[in-house]
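The values are calculated or read from the model by the stated rules, or taken from the named source; none is laboratory data. Quantities reported herein were computed from a predicted structural model and do not represent experimental measurements. Methodologically, a virtual Cβ is constructed for each residue, glycine included, from the backbone with ideal geometry; neighbour enumeration extends over all protein chains shown.
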Amino acid sequence: MGSADDQLSTDFYNSTCSKALSTIKAVELIQQEKLGVIYNETNIDSSLATSLKTNCSSSTDDDDKLSSLDNTSHVIFDNGYYKNLVEKKGLLHSDQQLFSGGSTDSLVTTYSEDADQFYNDFANAMIKMGQLSPLTGTNGQIRTNCRKPN
């Protein structure tokens with residue numbers, strides 16, 4: 001199937017799900033307009049935005065610019081990710097959307113304040129995922145059109 005980079009290319013989508021290609025091209029255009037702009041929004045902590053801009057705006061063409069999704073406790077498994085969201089320190093736009101006045105705010109707040117609840121819910125979710133029975137071999141199918149079964 002190729003490398004992850006190959007699978008993210010428009011050629012990959014063109015051959016596997018051609019209808020998705022126009023959507024991908026639209027997203028690419030949006031991203032090109034935002035190139036060089038980090039969080040030009042009001043829902044991120046200004047000191048985090050400044051730090052990210054400094055890290056990403058160096059003059060080198062380095063692809064080694066990495067940031068942890070949890071910048072306070074990235075080496076341990078805890079509820080720090082949710083605490084960061086409450087403090088408006090979500091790294092990605094999609095992360096911070098989990099705590100932006102919507103239906104998931106209460107769950108983010110719960111997890112940020114109650115690590116035991118987070119651990120319990122996480123464990124239960126892992127158990128449920130472990131009980132899934134994906135179709136394999138001839139029982140499943142790889143769709144030729146991603147929008148409908150073959």
*Can you name the helices (runs of 4 or more DSSP H) wholly within the stretch 61-136 that have at least 1 residues being more than 19 Å from the chain's Cα centre (by Cα) and free of Cβ contacts under 8 Å to residues at least 60 places away in the same chain?*
105-113, 115-130
*Give the number of residues within the stretch 61-101 that are modelled with pLDDT under 80 and surrounded by 18 or more Cβ atoms within 10 Å (Cβ to Cβ).*
1
